[in-house]
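The values are calculated or read from the model by the stated rules, or taken from the named source; none is laboratory data. Computed from a predicted structure; not experimentally measured. Here the Cβ positions follow ideal geometry from the backbone for every residue, glycine too, while neighbour counts run over all protein chains shown. In case anyone asks, the SASA skips ligands and DNA or RNA and just uses the protein heavy atoms, side chains included. Shrake-Rupley method; radii C 1.70, N 1.55, O 1.52, S 1.80 Å.
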Amino acid sequence: MAIAKVALDVPLGSLFDYRTGDFGPLQGQLVVVPFGRRKVVGVVVELAERSEIADDRLRRIERILPVEPLPQDLLNLTRFCSDYYLFPFGQVLLSALPPMLRRTRFSGPAISWEYVLTPAGRNLQANAFPRAATVKRRLLITLLESPALPQSQARTLSARAPALLQEWMALGWVDKRPSAAVTPVIPVTVAEQVPELTEEQRQAVEKVSATFGTFSPWLLDGVTGSGKTEVYFRLIEMAIARGSQSLLMVPEINLTPQLEARFQLRFPGVRLVSLHSELTDVERYERWLAAFAGDAQVVLGTRLSVFTPLPRLGLVIVDEEHDVSFKQQEGLRYSARDLAVFMARQRGVPIVLGSATPALESYQNACSGRFGHLHLSTRPAARPPRIRLIETRVERQSHGLSEPLLQAIRERLAHGEQSLVFLNRRGYAPALACRACGWAAQCSRCAARLVWHLRAARLRCHYCGHEEHLPSACPACGNQDLKGLGQGTQRLEETLAGVFPGARILRIDRDSTRRKRSWRAMRDDIRGERVDILVGTQMLAKGHDFPKLTLVAIVNPDGALFAADFRAAEKLFQQLMQVAGRAGRAELPGEALVQTQFPEHPLYQALLRQDYPAFADEMLAERKRSGFPPFVYQALLRAEALSEQSVMDFLAQAHRGVEGHHDAVTLYDPVPAAIARVAGHHRAHLLVQSSSRGDLHRFLTSWYPMLAQKNAGKVRWSIDVDPLEL
Ligand code: ADP
Ligand code: ZN
Ligand code: ZN
């Protein structure tokens, strides 16, 4: 074949033709090619005898990168992703690869190292170390039970493991060697870690494992603490025993260390790699390679891990599948959960979507029989949290906290238990205002209020990141008595410190965990019981397990009840169930308090009964009546520009261009976005809807090139398929 059709990281849909020369590249091969005046990395997607391009204008592949050709599966997955989300194929494919591989100077695998015990080391026994030396014990057990410990995994075992390994090398217990291909490890479980399954868990494991080797989608619908993770572990164990790789996806990078530690404790020696956005390029490449080479038996990762090449894939699990973090909110707006389902079908393997509060889309799929429906209805190791509503119209409050709520915290303090006070708003106060003239601090670049951050003594825009000094007086009238309106986590922290002067309070939000690793240290402090009261945002709502945490106090979540977004209620309920589920996960019983103005609202009443199915049924009935997803399919044309006029013109033209041509889809009028201006750009969108996914897709495919033609370049636009935020 004389011609290679190459995908490049450029915003054009087409492939580029190059002469293969003497290289004879294979399909899927990474190559360096000239492009304009640059040299870039591309992927050979097809080979052909001839090209449409004139012979003298065809350029030649420069060289082949020293990596195995990418598998056809990955090309198919990225092709599907590109078609479905209407995003240039080359950009999808290249961005799915580790950054190292996109460098033209890439020269081959870096050497990875691994640790093995010397004969002297093999004679050691775990009880040579004092009981309290858990890291040493765990490290030794891992080394004893596996042929080798890859360097990259030592760190994930414990932050202290690398230093310990150095010590043990000096003592002659351990050797370091370059890792070659390793033989698969048979899982060895540490017996005392293994609970006996409940009947529901046993059934879930049995049903899913009966479908190994075929595409079979499952919804694992289990209340928080019901042992979903235990089900995942059993299935992964069985997949490993069959010689397969498993992909375990989680919504947040913060959830990976805990799960990884739990997994390694349970299956020492099994090769698990975690993939997320905070790795160095070398780490990411090495782990990707371990997965690609089939060495990694389990890949644990956030949404980008869906693009990991896994030649022996046997099982896919998506934990907390309802979480909106699975949807990328910029650029290529893909849903990693939905792609995972596509991939499972393509590869013929089972996929388990797990959640205590499934997305209504998944719930509907389970109800209609498209997904198998598995239930875990009880907590095997704890009682469900008791939920209580506190009506703020009745209870007196000081600084936004009611007496029953403070009393509940007081009791926890007296018993040496932990409380979590949940408020989904960071900063000190969401607004800074002048009572004299009504002025409020606004971002100059966005249609949004500035948030007061106390410690930094600054006003910050949470949309564009703009910051300014706190004004000493009102810029409009000169009044020096400016007031913070409402409360954020910083102010809540301050209030609690005033009420409970002796308590150790820790605030956890995106501001306090900005530094790398700080979240890990905080988590250790919580687990080590060096914290009495946690104050936090949704970062704390998900998946974490703190045995001493027995009280969750949710402060004023009412705002979402009346939001315009039709998904707001679903998200609020999911969030409240999740955060309430943090209470009482071990022996101690848990309680969740919700401080609200509207205790009689049906959403809170369903929450009180902890009855997600009833709530979901009601929401689905409502969605069906009003014609919302999942009963219709949507796409959003988003546009932004410096001038409001050009945004609205662009959308109006986009709308006009198709009038009368498409009966099967409905186009709504263009409307400004909820935050109509961000960083100086006006934003608006146009909603397209259809009762048929196929019709919607056909429409979008014909609309897209038309939009690309119309746009004079002043307007930035994108299509968001299955949008989660309107
Ligand atoms: P989920 O993932 O559903 O929130 P986990 O799998 O984390 O729940 O389980 C919650 C707690 O219950 C954990 O401490 C776990 O060890 C324990 N657990 C899970 N399954 C069982 C079981 N069958 N018997 C006893 N304890 C269990
Ligand atoms: Zn004023
Ligand atoms: Zn701003």
Considering residues that are within 29 Å of the chain's Cα centre (by Cα) and exposed (fewer than 15 other Cβ atoms within 10 Å of the Cβ), the number found within the range 457-473 is 2
Residue set Gln487, Gln538; condition open to solvent by 20 Å² or more (accessible area, probe 1.4 Å), modelled with pLDDT under 90 and over 21 Å from Ile253 (Cβ atoms); output residue Gln487
The strands (runs of 3 or more DSSP E) lying entirely within the range 647-726 that contain at least 3 residues which are open to solvent by 40 Å² or more (accessible area, probe 1.4 Å) and closer than 28 Å to Ala569 by Cβ are 671-678
Picking from Thr211, Thr256, Thr224, Thr229, the residue that is β-branched (Val, Ile, Thr), within 16 Å of ligand 1 (Cβ to nearest atom) and not in a helix (DSSP H, G or I) would be Thr224
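Pick out the one residue from Gly269, Gly243, Gly294, Gly331 that is modelled with pLDDT under 95, in a loop (DSSP other than H, G, I, E, B), in contact with a Pro (Cβ under 6 Å, 6 or more places away or on another chain) and more than 30 Å from Asp611 (Cβ to Cβ).
Checking each option against the conditions leaves just Gly294.
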Residues of the range 418-444 being away from ligand 3 (no atom under 16 Å from the Cβ) and under 23 Å from Ser512 (Cα atoms), in sequence order, are Gln418, Ser419, Leu420, Val421, Phe422, Leu423, Asn424, Arg425, Tyr428, Ala429
All-but-one check, Tyr285 against (1) closer than 28 Å to Thr357 by Cα; (2) hydroxyl-bearing (Ser, Thr, Tyr); (3) outside any strand (DSSP E or B), failing number (1)
Here the residues within the range 454-476 that are more than 13 Å from ligand 2 (Cβ to nearest atom), touching a residue at least 24 places away in the same chain (Cβ under 8 Å) and over 30 Å from Ala684 (Cβ atoms) are Leu454, Arg455, Leu470
Checked the range 430-453 for anything within 16 Å of ligand 2 (Cβ to nearest atom) and assigned to a loop (DSSP other than H, G, I, E, B); matches are Arg435, Ala436, Cys437, Gly438, Trp439, Ala441, Leu450
Requiring at least 1 residues that are open to solvent by less than 60 Å² (accessible area, probe 1.4 Å) and closer than 30 Å to Pro723 by Cβ, the helices (runs of 4 or more DSSP H) wholly within the range 28-147 are 72-85, 89-95
Check your understanding: Could we say that Thr513 is in contact with a helix residue (DSSP H, G or I) (Cβ under 7 Å, 6 or more places away or on another chain), surrounded by fewer than 21 Cβ atoms within 10 Å (Cβ to Cβ) and not aliphatic (A, V, I, L, M) here?
Key -> yes
If you go through Glu570, Glu640, the only one that is part of a strand (DSSP E or B) and buried (at least 19 other Cβ atoms within 10 Å of the Cβ) is Glu640
Among residues of the range 458-499 being acidic (Asp, Glu) and touching a strand residue (DSSP E or B) at 6+ places or on another chain (Cβ under 7 Å), the residue nearest to ligand 1 (Cβ to nearest atom) is Glu493
Flagged pairs (Cβ under 7 angstrom, 6 or more apart or on separate chains; first in the range 413-438, in contact (Cβ under 8 Å) with a residue 24 or more places away in the chain and farther than 13 Å from Leu506 by Cα; second within 16 Å of ligand 1 (Cβ to nearest atom) and of a type outside the set (Asp, Glu)) are Glu417/Lys548; Glu417/Thr550; Glu417/Leu588
Yes/no for Arg504 being away from ligand 3 (no atom under 16 Å from the Cβ), under 34 Å from the mean Cα position of the chain (by Cα) and modelled with pLDDT under 90: no
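Condition check: of a type in the set (A, V, I, L, M, F, W, C), exposed (fewer than 14 other Cβ atoms within 10 Å of the Cβ) and under 28 Å from Thr357 (Cβ atoms). Does Ala606 satisfy that?
No.
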Those residues of the range 371-387 which are surrounded by fewer than 20 Cβ atoms within 10 Å (Cβ to Cβ) and either modelled with pLDDT of 95 or more or among the β-branched types (Val, Ile, Thr) (or both) amount to Gly372, His373, His375, Thr378
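Conditions (1) basic (Lys, Arg); (2) surrounded by 21 or more Cβ atoms within 10 Å (Cβ to Cβ); (3) within 16 Å of ligand 2 (Cβ to nearest atom); (4) in contact (Cβ under 8 Å) with a residue 40 or more places away in the chain, marked per residue:
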{"position": "Glu494", "(1), (2), (3), (4)": "no, no, no, yes"}
{"position": "Ala497", "(1), (2), (3), (4)": "no, no, no, no"}
{"position": "Gly528", "(1), (2), (3), (4)": "no, no, no, no"}
{"position": "Leu534", "(1), (2), (3), (4)": "no, yes, no, yes"}
{"position": "Leu549", "(1), (2), (3), (4)": "no, yes, no, yes"}
key: Test: Ile409 is at pLDDT 95 or above and open to solvent by less than 70 Å² (accessible area, probe 1.4 Å)   = yes
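Given the options Ala586, Ala564, Ala592, name the one that is in a loop (DSSP other than H, G, I, E, B), aliphatic (A, V, I, L, M) and within 16 Å of ligand 1 (Cβ to nearest atom). Show your work before the answer.
Working: Ala564 fails: within 16 Å of ligand 1 (Cβ to nearest atom); Ala592 fails: in a loop (DSSP other than H, G, I, E, B).
Answer to the selection: Ala586.
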Screening Leu642, Leu636 for residues that are over 27 Å from Arg567 (Cα atoms) and modelled with pLDDT of 90 or more leaves only Leu642
Within the range 152-171, residues under 14 Å from Ala133 (Cβ atoms) and either outside any helix (DSSP H, G or I) or touching a strand residue (DSSP E or B) at 6+ places or on another chain (Cβ under 7 Å) (or both) come out as Ser158, Arg160, Trp168
For the range 516-526, the count of residues that are touching a Leu at 6+ places or on another chain (Cβ under 7 Å) and surrounded by fewer than 18 Cβ atoms within 10 Å (Cβ to Cβ) equals 1
Counted residues in the range 342-370 being part of a helix (DSSP H, G or I) and open to solvent by less than 20 Å² (accessible area, probe 1.4 Å) come to 6
Of Ala476, Ala447, the only residue that is more than 19 Å from Ser512 (Cβ to Cβ), aliphatic (A, V, I, L, M), open to solvent by 40 Å² or more (accessible area, probe 1.4 Å) and within 16 Å of ligand 3 (Cβ to nearest atom) is Ala447
Residues of the range 371-385 being under 14 Å from Asp221 (Cβ atoms) and assigned to a loop (DSSP other than H, G, I, E, B), in sequence order, are Phe371, Ser377, Thr378
